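The values are calculated or read from the model by the stated rules, or taken from the named source; none is laboratory data. Treat the numbers as computed from the prediction; the structure is a model and nothing was measured. A quick note on method: Cβ atoms are made from the backbone with ideal geometry, for glycine too, and the neighbour counts reach across all protein chains shown. For accessibility, only protein heavy atoms count, side chains too; no ligands or nucleic acids. Shrake-Rupley method; radii C 1.70, N 1.55, O 1.52, S 1.80 Å.
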Amino acid sequence: MKAELRLCERIGLSETMFVELVVWQLPAPAAGSAHSFKYRLALVDAGVCVMRYDNEAGKGDHKHLGAIEVDYPFQGIDTLITDFWSDVESWRTGK
């Protein structure tokens, strides 16, 4: 099995804000992850990434909330996307 792109979307939320969702399924877990997905979900506002969920090699699952980085308890792609959209909504309404 080769890596397979499962999701690749950019969704505009306003004139200056968008989310980008990218999910790959890998043939084996990436370094630091216990699952076979590689992902990057980002909220960008006025050219600045203000929130990002990812699992870059060696760091495992985590999210960036502004300058803060915290572990993320990965429980599946559906939960990941739901949690991301919940944080997007919280960020937008908390501005």
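Of the numbered conditions (1) farther than 20 Å from Leu5 by Cβ; (2) of a type outside the set (Gly, Ala, Ser); (3) over 10 Å from the mean Cα position of the chain (by Cα), Lys63 fails exactly one; give the number of that condition.
(3)
Considering each residue of the range 47-60, count those that are over 9 Å from the mean Cα position of the chain (by Cα) and either at positive phi or modelled with pLDDT of 95 or more (or both), and give that number.
Number of matching residues: 6.
On the basis of being open to solvent by less than 60 Å² (accessible area, probe 1.4 Å) and touching a Gly at 6+ places or on another chain (Cβ under 9 Å), does Phe84 make the cut?
Judged against the criteria, Phe84 is not a match.
Please count how many residues of the range 45-80 are surrounded by 13 or more Cβ atoms within 10 Å (Cβ to Cβ), among the aliphatic types (A, V, I, L, M) and within 18 Å of Leu26 (Cα to Cα).
Within the range 45-80, residues that are surrounded by 13 or more Cβ atoms within 10 Å (Cβ to Cβ), among the aliphatic types (A, V, I, L, M) and within 18 Å of Leu26 (Cα to Cα) number 2.
Please count how many residues of the range 10-28 are touching a residue at least 12 places away in the same chain (Cβ under 8 Å) and either β-branched (Val, Ile, Thr) or open to solvent by 80 Å² or more (accessible area, probe 1.4 Å) (or both).
Counting residues in the range 10-28 that are touching a residue at least 12 places away in the same chain (Cβ under 8 Å) and either β-branched (Val, Ile, Thr) or open to solvent by 80 Å² or more (accessible area, probe 1.4 Å) (or both) gives 6.
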